[in-house]
1. Could you check Pro106 against (1) surrounded by fewer than 16 Cβ atoms within 10 Å (Cβ to Cβ); (2) over 15 Å from Val174 (Cβ atoms); (3) in contact (Cβ under 8 Å) with a residue 24 or more places away in the chain and say which number it fails?
2. Give the range 152-166 a look and list any residue that's within 20 Å of Lys114 (Cα to Cα) and either exposed (fewer than 11 other Cβ atoms within 10 Å of the Cβ) or free of Cβ contacts under 8 Å to residues at least 60 places away in the same chain (or both), or say none.
3. If you scan the range 121-151, which residues turn out to be surrounded by fewer than 17 Cβ atoms within 10 Å (Cβ to Cβ), hydrophobic (A, V, I, L, M, F, W, C) and touching a residue at least 12 places away in the same chain (Cβ under 8 Å)?
4. Regarding Asp165, is this residue of a type outside the set (Lys, Arg) and within 15 Å of Ser101 (Cα to Cα)?
5. Return the residues of the range 125-162 that are among the charged types (D, E, K, R), farther than 22 Å from Gln190 by Cα and part of a loop (DSSP other than H, G, I, E, B); say none if nothing qualifies.
Amino acid sequence: MKKKFVLLLSLFVIFAIPSVLAEGWDDYADLDRAWDGQKTITNKEFEQVMDVLEAKQKKKEAKKKKRRAKKISGGGTSLHNELNPEKEINEVQIEPKEEGSIINLPVYLIIDGKPLDKGYYKVIAEKEKNNDIYVKFYQSQFLKGTLKAVETEDDFNRETVNFADILPYNEHFVKLIYGNIDFNAYAIVQYEE
């Protein structure tokens, strides 16, 4: 009895599956004519739609700009015309001020009787109240040496405002040049190979 039931069930499954699959393929019979009823769009209609979308985008930007102006100015009018919210508010981006310049010391500089190791240093010069200029050599956050420099009007033919460099001077000395927006300076420093 069980054998007949299993045989009958398997015959039913074998003959039922292809008929179910055939119904699924009937849905794709009209695929070749799927685009027959669609309307073609001209370039003019496309441009009109794009203009409407761009107008919406401009309207959003205007609202955002008005909200920003309201946050800055408080939204009301001012006694001063240049502070009114209708006035164009320009965005100003301030770049962080980079202090000092990086130099590579190819020789041992003698500073205060001690040799300063070869390597890369961040050089920062500071002008004190008595107009003395001191050049400081940093590696990472550590101060490695301080050197007194002489202020000059010479820009050493550099293209940039901020600069620092080591130039050969003679057999036993090098010339350290430094410049920033406030002043230019130099120092003659003894060195060892």
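A short reminder: the numbers here are calculations on the coordinates, not readings from a lab. Because the structure is predicted, anything quoted here is derived from the model rather than measured. For neighbour counting, all protein chains shown are included, and Cβ atoms are generated from backbone atoms with ideal geometry for every residue, glycine included.
1. Result: Pro106 fails condition (2) only.
2. The answer is none; no residue qualifies.
3. Val150
4. So Asp165 passes the test.
5. Glu128, Lys129, Glu153, Asp155, Arg158, Glu159
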